[in-house]
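Here's the structure, in structure tokens; my notes come after.
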Amino acid sequence: MSSRLDMYNLALLMSGERSLANLTEAREPRRLLDQVWNTDGIAKCLEMGQWKFAMRTKQIDYDPDIAPTFGYPRAFTKPTDWVVTSAVCSDAYFRVPLLGYVDEAGYWYSDLNTIYVRYVSKDVGYGLDLDRWPGSFENFVAAYFSLNIVWKLGNSDEALKKAERRFDQLKKVALNKDAMADPSKILPPGRWSRSRIRDSNRDLGYSTGDLY
């Protein structure tokens, strides 16, 4: 993705409309696309997945100005660019998930002084940086914009159904591709496998302590 205009034109192509020359062109499709954009259209797409290109981590200290009257004694203000929480942990390496916390009305509550949070961000350097978008997410966002304007452009019910099917399909593709970007996870060997390895080592003349 290179620009907002490119995304608009992709949405218009999906909607069966001609492209825009610029973002000030006096046409109804551009006004409708602006309306979707200005009502947090991108943030709404970011809410629909754990997008890795938009993921951000932060250390957050409790807010001493907020004193809950009951329950967890510490309140942590959510960042202004927060969209979706991916993980809340008690350590900076995200190895220990924090189970004792509550997510409520713009805050996290816990009994710790500091928490570590990984979340989908709508910051201009993360989720709102169009240059970071993979192609599958670009197509998904364009389909979302197209879906939100196609019926307002006087298209038929069949065109709307087609837009809905396209949106569902491209959302699924984007989520699947994002999931594939996860690093490979190697499971530790089971008891049977470790036993076989030890037996093989003995046959080769190695002691168990050489490797374990």
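Is the stretch 143-153 home to any residue that is within 18 Å of D178 (Cα to Cα) and touching a Phe, Trp or Tyr at 6+ places or on another chain (Cβ under 8 Å)?
Yes: one or more hits.
Which of the residues belonging to the stretch 15-74 are among the polar types (S, T, N, Q) and more than 20 Å from R166 (Cα to Cα)?
Selection gives N22, T24, Q35, N38, T39, Q50, T57, Q59, T69.
Yes/no matrix, rows are residues, columns are (1) surrounded by 11 or more Cβ atoms within 10 Å (Cβ to Cβ); (2) modelled with pLDDT of 90 or more; (3) touching a Lys or Arg at 6+ places or on another chain (Cβ under 6 Å); (4) over 30 Å from A11 (Cα atoms):
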| residue | (1), (2), (3), (4) |
| --- | --- |
| E164 | yes, yes, no, no |
| K172 | yes, yes, no, no |
| L187 | no, no, no, yes |
| R191 | no, no, no, yes |
| N201 | yes, no, no, yes |
| D210 | no, no, no, yes |
Check on I60, assigned to a strand (DSSP E or B), in contact (Cβ under 8 Å) with a residue 40 or more places away in the chain and either assigned by TED's automatic domain parsing to the domain that holds L153 or farther than 26 Å from V173 by Cα (or both): yes
Flagged in the stretch 102-128 as within 27 Å of R165 (Cα to Cα) and not basic (K, R), in numbering order, are V120, G127, L128
Please go through (1) under 24 Å from K171 (Cα atoms); (2) surrounded by 15 or more Cβ atoms within 10 Å (Cβ to Cβ) for E47 and return the number of the only condition it doesn't satisfy. (2)
Tally time: how many residues in the stretch 77-101 are within 21 Å of the chain's Cα centre (by Cα) and touching a residue at least 24 places away in the same chain (Cβ under 8 Å)? 14
I'm trying to understand the selection: among the residues of the stretch 50-94, which are surrounded by 13 or more Cβ atoms within 10 Å (Cβ to Cβ) and among the acidic types (D, E)? D81
Scan the stretch 1-39 residue by residue and report those that are in contact (Cβ under 8 Å) with a residue 12 or more places away in the chain, assigned to a loop (DSSP other than H, G, I, E, B) and surrounded by fewer than 15 Cβ atoms within 10 Å (Cβ to Cβ). S2, S3, G16, N22, L23
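The values are calculated or read from the model by the stated rules, or taken from the named source; none is laboratory data. Since the model is a prediction, treat every value here as computed from it, not as a measurement. Here the Cβ is made from the backbone with ideal geometry for all residues, glycine too, and neighbour counts use every protein chain on show.
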